[in-house]
Amino acid sequence: MHVWYASYGSNLARDRFLCYLRGGRPQGATRTYPGARDQSHPLGDAPIELPGQVFFGWHSPTWDGGVAFYDASSTGGALARAYLITEGQFADVAAQEMHRDPGEDLDLSTVLEERKHSLGPGRYESLHLLGDLEGHPVLTFTSPDDADLPHNPPSEAYLAMVAQGLRETHEHPDEHLVDYLLDCPGVSPHWTWEQVSDLVAV
């Protein structure tokens, strides 16, 4: 089975996401990823908008700052990019997000039936079913409990990667993307409109 993986953070940028499939180190990161068992490129990708909101929290040693999480319970909309990949690739991406070695499949039956499934207490171990696209389920993962993740501003390298992915994926004016990022909890007041504008405009 193929699934759409809905990315809303740095994986919006295609080259960064391919590090999870083919291995490698994203620009600005301190970690090199082993890649997935199946290193094939996605069969497709598409811009989508998710119900809910993106926020930045925790402190990632890979990016030296807060990273993106998805709050499905919030109002608003989260700009995302969906990649059409295999179940095995989705499992290997999730494993690498949790700093585990890829290689074990995930049982997706619970999330496909109940729309949400917490695999464990880790930062990206809550699976969400967000709908259907072209006959395939749209899935993402985030923190099981948003309350356990205090907001934390992202580093320049990470926010620049998110901005790059938004530009690649969504045909919005730069001003719209700046406002969108500043509306994500954890970005302001650490980041100003002018600073985010400079990252978006690169």
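The values are calculated or read from the model by the stated rules, or taken from the named source; none is laboratory data. Here the structure is a predicted model, which means the values were calculated and not measured. Counting neighbours? That spans all protein chains shown, and the Cβs are built from the backbone with ideal geometry, glycine included.
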What number of residues in the stretch 90-113 are assigned to a helix (DSSP H, G or I) and either touching a strand residue (DSSP E or B) at 6+ places or on another chain (Cβ under 8 Å) or among the basic types (K, R) (or both)? 8
Among D183, D179, D174, which is the only one that is within 13 Å of F55 (Cα to Cα) and surrounded by fewer than 16 Cβ atoms within 10 Å (Cβ to Cβ)? D183
Considering only the stretch 150-200, give the helices (runs of 4 or more DSSP H) lying wholly within it that have at least 2 residues that are in contact with a strand residue (DSSP E or B) (Cβ under 7 Å, 6 or more places away or on another chain) and not basic (K, R). 156-169
Just give me the residues in the stretch 149-202 being modelled with pLDDT under 95, within 13 Å of F56 (Cβ to Cβ) and hydrophobic (A, V, I, L, M, F, W, C), in sequence order. L149
Please name all residue pairs, on different chains or six or more residues apart, with Cβ atoms under 6 Å, provided the first residue is in the stretch 171-191 and is more than 15 Å from L79 (Cα to Cα) and the second residue is at pLDDT 95 or above and among the aliphatic types (A, V, I, L, M). V187/L181; S188/L182
Residue count, the stretch 98-114, condition under 16 Å from Y5 (Cβ atoms) and without any contact (Cβ under 8 Å) to a residue 60 or more places away in the chain, comes to 5
Residue, farthest from V3 (Cα to Cα), within the stretch 115-144, restricted to residues that are outside any loop (DSSP other than H, G, I, E, B) and without any contact (Cβ under 8 Å) to a residue 12 or more places away in the chain: H117
Would you confirm whether any residue within the stretch 28-37 is surrounded by 21 or more Cβ atoms within 10 Å (Cβ to Cβ), within 19 Å of L139 (Cβ to Cβ) and in contact (Cβ under 8 Å) with a residue 24 or more places away in the chain? yes
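Working carefully through the options Y5, Y20, find the one that is hydroxyl-bearing (S, T, Y), part of a strand (DSSP E or B) and closer than 14 Å to E97 by Cα. Lay out the reasoning, then the answer.
Values: Y20 fails: part of a strand (DSSP E or B).
Checking each option against the conditions leaves just Y5.
L119: surrounded by 14 or more Cβ atoms within 10 Å (Cβ to Cβ), closer than 20 Å to S10 by Cβ and over 17 Å from the mean Cα position of the chain (by Cα), yes or no? If you could, list the steps in order and put the result at the bottom.
Values: surrounded by 14 or more Cβ atoms within 10 Å (Cβ to Cβ): yes; closer than 20 Å to S10 by Cβ: no; over 17 Å from the mean Cα position of the chain (by Cα): yes.
When the stated conditions are applied, L119 does not pass them.
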Within the stretch 123-151, which residues are surrounded by fewer than 19 Cβ atoms within 10 Å (Cβ to Cβ) and either of a type in the set (A, V, I, L, M, F, W, C) or touching a His at 6+ places or on another chain (Cβ under 8 Å) (or both)? L133, H136, A147
With more than 21 Å from E156 (Cα to Cα), among the aromatic types (F, W, Y) and buried (at least 19 other Cβ atoms within 10 Å of the Cβ) as the only criterion, which of F56, F90 stands out? F90
